[in-house]
1. When region 57-81 is examined, which residues are found to be under 10 Å from the mean Cα position of the chain (by Cα) and of a type in the set (G, A, S)?
2. Would you be able to say whether some residue in region 119-129 is under 30 Å from R46 (Cα atoms), at pLDDT 90 or above and not in a loop (DSSP other than H, G, I, E, B)?
3. Among the residues of region 65-89, which ones are part of a loop (DSSP other than H, G, I, E, B), in contact with an Asp or Glu (Cβ under 9 Å, 6 or more places away or on another chain) and modelled with pLDDT of 90 or more?
4. If the requirement is being exposed (fewer than 14 other Cβ atoms within 10 Å of the Cβ), among the β-branched types (V, I, T) and free of Cβ contacts under 8 Å to residues at least 40 places away in the same chain, which of these qualifies: T81, T32?
5. Is it the case that region 2-18 has a residue that's within 20 Å of T116 (Cβ to Cβ), β-branched (V, I, T) and either modelled with pLDDT of 75 or more or in a helix (DSSP H, G or I) (or both)?
6. Residue under question is D58, and the condition is that it be on the phi < 0 side of the Ramachandran plot and modelled with pLDDT under 90; does it hold?
7. Among the residues of region 35-55, which ones are on the phi > 0 side of the Ramachandran plot and surrounded by 13 or more Cβ atoms within 10 Å (Cβ to Cβ)?
8. Anything in region 119-139 that is touching a strand residue (DSSP E or B) at 6+ places or on another chain (Cβ under 9 Å), within 11 Å of I28 (Cα to Cα) and of a type outside the set (A, V, I, L, M, F, W, C)? List them, or say none.
Amino acid sequence: MRRVFRIPLLAVAALVVVGLGWAGFAPIEVATHEHSFDIPKGTWARRRAGDLVEILPDHIRLTLGLDAVLVIRNHDDVPQTFGPTIMMPGQSFSLPFERAASYQFTCTAHASGSLTIDVEPEPVTPWARIRWRVREWWENRKR
């Protein structure tokens, strides 16, 4: 006869409450406040040859207080434009955000020529921290 181990429903509920409590009240720690992208060498030449090179996503999501600094490094042989800034080969561009909003930029490193950056407010309430952690887990599990 096979013995089946059953977890009492009360124990499961207690584990869920403890997990939500931790996710809502524990501070969020990140390794760096920068969200960085590199433009690889040869990108311009590959695009000129007709290759659809995707370096940057269509949308970048940043969070105030956690990762609100966008860094783009140009390793290509030609200058790249990001918004009003021209990055020469070997240069990098750092853009800190201080206000939650949606920003549109022209970007020669992106296939469509434009890029949207959504900056969200810092998750200060327990529910906001839980939502932020769940979304980060969901997005990072695909990678």
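The values are calculated or read from the model by the stated rules, or taken from the named source; none is laboratory data. Everything numeric here is computed off the predicted structure, so don't read it as measured data. Because the Cβ atoms are built from the backbone with ideal geometry, glycine has one as well, and the counts that use them run over all protein chains shown.
1. A68
2. So the first thing to find is which residues in region 119-129 are under 30 Å from R46 (Cα atoms), and the list is none.
Scanning region 119-129 turns up no residue that is under 30 Å from R46 (Cα atoms), at pLDDT 90 or above and not in a loop (DSSP other than H, G, I, E, B).
3. Filtering region 65-89 down to residues part of a loop (DSSP other than H, G, I, E, B) leaves 65-68, 75-79, 83-84, 88-89.
Narrowing the set further to residues that are in contact with an Asp or Glu (Cβ under 9 Å, 6 or more places away or on another chain) leaves 65-68, 75, 89.
Listed by number, the residues that qualify are H75, P89.
4. On the way: T81 fails: exposed (fewer than 14 other Cβ atoms within 10 Å of the Cβ).
The conditions single out T32.
5. no
6. yes
7. Residue satisfying the conditions is G42 alone.
8. Within region 119-139, E122, P123 meet the criteria.
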